[in-house]
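**Student:** Dropping a structure here in structure tokens format, bear with me for questions.
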Amino acid sequence: MVGTLLISTFVTILLIPVFSKAALKLNIGLDMPNGRKVHQHPIPRVGGVAMILGVYASSIFFAPEEHFLKAYVISSLFIVCFGIMDDFKGIDFRLKFLAQVVAAIVIVTYGGVKIKSLGGLLPEDVLLPEAVSFPLTVIAIVGVTNAVNLADGLDGLAGGICLLSFCCISYLAYLEGEVTLCLLALALAGAIFGFLRYNTYPAELFMGDTGSQFLGFSAITLSLALTQRQMPLSPLLPLFIIGFPVLDTLAVMAQRLSEKKPLFSADRNHFHHKLMGLGFSHTESVLVIYTVQAMLVSAAFIFRFNTEWFLLVSYLLFSAAVLTGFHVAQKRHWRLHRYHIFDEAIKGRLRGLRGQGLAIRLCFNVARFGVPLLLFVTCLLPSEIPSSFSLLSIAFLGALLLVWCFKKAWMRACLTAVVYLFVPFIISLDVEKTGRVGDVFSQLYNLSYILIIFFVVLTLKFTRRRHGFKTTPMDFLILFIALVVPHALSHYLNIENLTIIAAKTVMFYFSYEVLIGELRGKLTRLTAASMLPLIAVVVRGLAHW
């Protein structure tokens, strides 16, 4: 499963710069600014193609050969081909709609994805007849495909929503033993992770209609395939997994009908537009929607075995609350109130400290020396180091030395890769195989994580640089997945303290990202300091041979 996630992520990350440069050089596949869009300069919309190739590469390589997988790839190719033509040259919307219908028909007839059961909404053991099931499924697939496409209005919005959806689908599929669905959802989540690296505000590229339609088609197809099979999962779970973009689209369509406008006309009536109209910034609007989507997918997991009437009523109450809230806010002309005391006193004081430069030097130096030191101490805590991990650390150490000697331009990428691969292993050993240390030392060691992250955050806040690592709504997604998913998985896997492992791992990831960005490419000292933990692991592991 990890291989599927990593391959889709890395393939996407590697292809995006290549496709982006080609689009700019050839002047094709560019999203031009206009009065309805928030960006001010042409941006390549080739991220979707990179994501799709990442998904295909990882899922075909790792997923078992299954009839559903073939049907999924074949049907999604209709979406992809017509999406690429639209992003690069522009085609009539009726052709895109026709491609969506054909893709839906293929996955229904060849892949066997059908809405056959509505659970407790119908009498016991009553299934929908074919004359109802077939068109209902096609309508649902086409509808959600367009809903996600229409929701792609702010940087990182559609990608973040779908990332949470696919994490939920993958987790539920894993619990139910659906290997192919689990791996497909993981591949999609990994590709989105790689894409969001370039798409968080301000975005360097877009996924285009190719990517948004592909994600929408994949989300509804995998949701239906998971919940419509002979499982205890409720067939109404897709309402929570992908219900937010559907609600957004239905609300926009209803408003256009009430105003006697064409259903597919462009406007600024989507939920993200309304949030910005209430005074939320671009980033705040995305974060609010991420939070709502996180609540929905969490509810999908918590209530996955509840009755269909409970799920339906809950979703309708949620929809009514959202729509009523926006209606009242718009009617009463509500605006987000900014607290002047906070803006002037706190933010003003921070700006003053930033201008003096003393605070950033202090915080940065503590973080620069403290993070590698904490990682070095962590390597000394496990009672033993597996020889296999020692050999892996030798490979990491050799890679850093080769890059240092022959290709320093690759230092950032190499150091980041080593940290991201090394840290989870050593943290898991630290948590699971720690030797006997005193209670006082354990408390000081755990407290050091809080102190280090405190100085790292202050470094980020006091910095005067304009480029490098910045906090984005994607940080919320990472924290949500890293803290919530391990806590849930701990009930099913024989790995203790998964939440602690995830929290410490994220702390090191975040700290290194901030340090690398703050050092502005001068990574020699940080790399040298980061080699010490690797050397400690090598020495300790080889000592047991």
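**Student:** Note down all Cβ pairs under 9 Å where the first residue falls in region 91-109 and is of a type in the set (Phe, Trp, Tyr), the second is surrounded by fewer than 17 Cβ atoms within 10 Å (Cβ to Cβ), and they're at least six residues apart or on different chains.
**Tutor:** Phe93/Phe264
**Student:** How many residues are closer than 19 Å to Arg525 by Cβ and of a type in the set (Phe, Trp, Tyr) when one looks only at region 411-430?
**Tutor:** 1
**Student:** Could you check, for region 81-91, whether at least one of its residues is assigned by TED's automatic domain parsing to the domain that holds Arg45, of a type outside the set (Ser, Thr, Tyr) and within 17 Å of Glu178 (Cα to Cα)?
**Tutor:** no
**Student:** Considering only region 331-353, I want to know if a residue exists there that is at pLDDT 85 or above, surrounded by 15 or more Cβ atoms within 10 Å (Cβ to Cβ) and on the phi < 0 side of the Ramachandran plot.
**Tutor:** Within region 331-353, none of the residues are at pLDDT 85 or above, surrounded by 15 or more Cβ atoms within 10 Å (Cβ to Cβ) and on the phi < 0 side of the Ramachandran plot.
**Student:** Within region 270-305, can you find the residues that are under 17 Å from Ala329 (Cα atoms) and more than 25 Å from the chain's Cα centre (by Cα)?
**Tutor:** Listed by number, the residues that qualify are Gly277, Leu278, Gly279.
**Student:** Is there a residue being free of Cβ contacts under 8 Å to residues at least 12 places away in the same chain and either within 24 Å of the chain's Cα centre (by Cα) or buried (at least 21 other Cβ atoms within 10 Å of the Cβ) (or both) anywhere in region 220-242?
**Tutor:** Yes, because at least one residue in region 220-242 is free of Cβ contacts under 8 Å to residues at least 12 places away in the same chain and either within 24 Å of the chain's Cα centre (by Cα) or buried (at least 21 other Cβ atoms within 10 Å of the Cβ) (or both).
**Student:** Moving to a separate point now. Would region 124-145 turn up any residue that is buried (at least 17 other Cβ atoms within 10 Å of the Cβ) and modelled with pLDDT under 90?
**Tutor:** Checked against the condition, which is being buried (at least 17 other Cβ atoms within 10 Å of the Cβ) and modelled with pLDDT under 90, region 124-145 yields no hits at all.
**Student:** What single numbered condition from (1) hydroxyl-bearing (Ser, Thr, Tyr); (2) part of a loop (DSSP other than H, G, I, E, B); (3) surrounded by fewer than 23 Cβ atoms within 10 Å (Cβ to Cβ) fails to hold for Thr249?
**Tutor:** (2)
**Student:** From the residues in region 149-185 that are in contact (Cβ under 8 Å) with a residue 60 or more places away in the chain and assigned to a loop (DSSP other than H, G, I, E, B), which one is nearest to Gly54 (Cα to Cα)?
**Tutor:** Gly156
**Student:** Checking the structure you have, find out if any residue of region 377-395 is under 21 Å from Gly517 (Cβ atoms) and of a type in the set (D, E, K, R).
**Tutor:** no
**Student:** On the basis of being touching a helix residue (DSSP H, G or I) at 6+ places or on another chain (Cβ under 6 Å), among the aromatic types (Phe, Trp, Tyr) and either more than 18 Å from Phe217 (Cα to Cα) or modelled with pLDDT of 90 or more (or both), does Phe82 make the cut?
**Tutor:** Yes, satisfied.
**Student:** Ile91 versus (1) of a type outside the set (Phe, Trp, Tyr); (2) modelled with pLDDT of 80 or more; (3) outside any loop (DSSP other than H, G, I, E, B): which is the lone unmet condition?
**Tutor:** (3)
**Student:** How about region 107-118: which of its residues are surrounded by fewer than 20 Cβ atoms within 10 Å (Cβ to Cβ) and either farther than 17 Å from Tyr72 by Cβ or modelled with pLDDT of 95 or more (or both)?
**Tutor:** Matches in region 107-118: Lys116, Leu118.
**Student:** Does any residue of region 238-246 turn out to be within 20 Å of Phe97 (Cα to Cα) and not β-branched (Val, Ile, Thr)?
**Tutor:** yes
**Student:** Suppose the filter is within 20 Å of Val46 (Cα to Cα) and either out of contact with any Pro (no Cβ under 7 Å at 6 or more places or on another chain) or part of a helix (DSSP H, G or I) (or both); does Leu188 pass it?
**Tutor:** Yes; evaluated as a whole, the condition is true for this residue.
**Student:** Yes or no: Ser530 at pLDDT 85 or above and either under 18 Å from Val366 (Cβ atoms) or in contact with a helix residue (DSSP H, G or I) (Cβ under 6 Å, 6 or more places away or on another chain) (or both)?
**Tutor:** Taking the combined requirement at face value, the residue satisfies it.
**Student:** Within region 87-127, can you find the residues that are in contact with a Gly (Cβ under 6 Å, 6 or more places away or on another chain) and of a type in the set (Asp, Glu)?
**Tutor:** Asp87
**Student:** Taking interchain pairs and intrachain pairs at least six residues apart, which have beta carbon atoms under 7 angstrom, with the first residue in region 309-324 and under 13 Å from Gly243 (Cβ atoms) and assigned by TED's automatic domain parsing to the domain that holds Gln255 and the second among the aromatic types (Phe, Trp, Tyr) and surrounded by 11 or more Cβ atoms within 10 Å (Cβ to Cβ)?
**Tutor:** Leu311/Phe303; Tyr315/Phe240
**Student:** I've got another one for you. Kindly indicate whether any position in region 360-372 is farther than 30 Å from Arg540 by Cα, assigned by TED's automatic domain parsing to the domain that holds Thr459, surrounded by fewer than 14 Cβ atoms within 10 Å (Cβ to Cβ) and at pLDDT below 90.
**Tutor:** Yes: one or more hits.
**Student:** Pick out the one residue from Leu444, Leu458 that is assigned to a helix (DSSP H, G or I), farther than 16 Å from Thr505 by Cβ, under 28 Å from the mean Cα position of the chain (by Cα) and at pLDDT 75 or above.
**Tutor:** Leu458
**Student:** Then there is this: Could you look through region 289-330, keep only residues that are of a type in the set (Phe, Trp, Tyr) and surrounded by 12 or more Cβ atoms within 10 Å (Cβ to Cβ), and pick out the one that is farthest from Gly156 (Cα to Cα)?
**Tutor:** The qualifying residue farthest from Gly156 (Cα to Cα) is Trp309.
**Student:** Checking the conditions here, which among Val46, Val18, Val38 is in contact with a His (Cβ under 8 Å, 6 or more places away or on another chain), among the hydrophobic types (A, V, I, L, M, F, W, C), farther than 22 Å from Cys167 by Cα and at pLDDT below 90?
**Tutor:** Val38 is the lone residue from the list that is in contact with a His (Cβ under 8 Å, 6 or more places away or on another chain), among the hydrophobic types (A, V, I, L, M, F, W, C), farther than 22 Å from Cys167 by Cα and at pLDDT below 90.
**Student:** Just wondering, is there one or more residues in region 115-123 that are closer than 20 Å to Asn199 by Cα and not in a helix (DSSP H, G or I)?
**Tutor:** Checked region 115-123: no residue is closer than 20 Å to Asn199 by Cα and not in a helix (DSSP H, G or I).
The values are calculated or read from the model by the stated rules, or taken from the named source; none is laboratory data. Just so it is clear, the structure is predicted and the values come from calculations on it, not from any experiment. With ideal geometry, Cβ positions are generated from the backbone for all residues, glycine too; neighbour counts draw on all protein chains shown.
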